[in-house]
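Presented below is the structure to which this report refers.
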Amino acid sequence: MACSKVNLSQRNSGVPGIWVLLDPDRFRPQDWQPLLPDLDRGPVQGFLVGGSLQTTTAYQDTLDWLAEFVNLPVVLFPGSMLQVSPKADALLLLSLISGRNPEYLIGQHVQAAVSLRNAGLTLLPTGYMLVDGGKATTAHYITQTQPIPADKPDIAAVTALAGSQLGLKVLYLDCGSGALHPVPTAMVEAVRQVVDGPLVVGGGVRTPQQALALRQAGADWVVMGSVFEENPVKAWKALAQAFEWAVPD
């Protein structure tokens, strides 16, 4: 069963602070089977589940698999109101504060409000900011918004500050799935200077070195997705070695 406790602040916790994003459309449980005996003592602290676009019926199947085999926190990262399920520990209640599309600032939230209440999930109000990762992503297309330029850390900082002042509990800088490069560390540092709350950074993070740099810049969680989709065992071992964490035989 998934663990019920979600640790928002991992900045000074002494753990790697790595969360894996599982896109149900691409998730293959058999690829993770070799890691199950050691997963709870490895470099991964939890899982995000979701995606900008779901084209299969694997969403609930993915959550069922996590509930059965993984004793780590599971947090929903919904791309729409359809991606709500009680089979998780929490949900990132995303407001796309980097864009000006009202559908993703409040519209989707109104439609999902009753379902969220009935699901009994821990809700994490999150200021979501798309950042240019070198190519257009599904998230950009679906939300019909422009990302924050990668060389404009000041824009990200004041956007994050505004989100914090609005009462959003978590800030999330994301280049999107398949980005060519991750959020610049200078942008993470700029955001960290103006907000004290939990900071999540994801999109385009493919190496332990990139993850470590983002953690050192001030990220509480670093989210990795594509590299685990390709080869979870290889990605897990690389992180474990880099962070001097538990490595299976």
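The values are calculated or read from the model by the stated rules, or taken from the named source; none is laboratory data. These figures come from a predicted structure and were not determined experimentally. Every residue, glycine as well, gets a Cβ built from its backbone with ideal geometry; the counts of neighbours run over all protein chains shown.
Here are the numbers for the structure shown:
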item	result
Any hit, the range 88-102, residues being of a type in the set (D, E, K, R), out of contact with any strand residue (DSSP E or B) (no Cβ under 8 Å at 6 or more places or on another chain) and assigned to a loop (DSSP other than H, G, I, E, B)	yes
In the range 147-163, the residues that are in a helix (DSSP H, G or I) and free of Cβ contacts under 8 Å to residues at least 24 places away in the same chain	Ile155
Test: residue in the range 117-138 that is touching a Leu at 6+ places or on another chain (Cβ under 9 Å), on the phi > 0 side of the Ramachandran plot and touching a residue at least 60 places away in the same chain (Cβ under 8 Å)	yes
From the options Val205, Val223, Val227, Val201, residue that is in contact (Cβ under 8 Å) with a residue 60 or more places away in the chain and within 23 Å of Pro24 (Cβ to Cβ)	Val223
Any hit, the range 93-107, residues being surrounded by fewer than 18 Cβ atoms within 10 Å (Cβ to Cβ), more than 26 Å from Ala58 (Cβ to Cβ) and hydrophobic (A, V, I, L, M, F, W, C)	yes
Helices (runs of 4 or more DSSP H) contained in the range 190-246 and holding at least 3 residues closer than 23 Å to Pro149 by Cβ and among the aliphatic types (A, V, I, L, M)	208-217
Within the range 44-71, considering residues that are surrounded by 20 or more Cβ atoms within 10 Å (Cβ to Cβ) and outside any strand (DSSP E or B), the one modelled with the lowest pLDDT	Gly51
Where Leu93 falls short, out of the listed (1) out of contact with any Phe, Trp or Tyr (no Cβ under 8 Å at 6 or more places or on another chain); (2) at pLDDT below 95; (3) of a type in the set (A, V, I, L, M, F, W, C)	(2)
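Results for (1) over 23 Å from Thr137 (Cα atoms); (2) touching a Pro at 6+ places or on another chain (Cβ under 8 Å); (3) surrounded by fewer than 24 Cβ atoms within 10 Å (Cβ to Cβ), shown as yes or no for each residue.
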| position | (1), (2), (3) |
| --- | --- |
| Asp151 | no, yes, yes |
| Ile155 | no, yes, yes |
| Lys169 | yes, yes, yes |
| Pro182 | no, no, no |
| Met187 | no, yes, no |
| Arg192 | yes, no, yes |
| Gly197 | yes, no, yes |
| Val201 | no, yes, no |
| Gln210 | no, yes, yes |
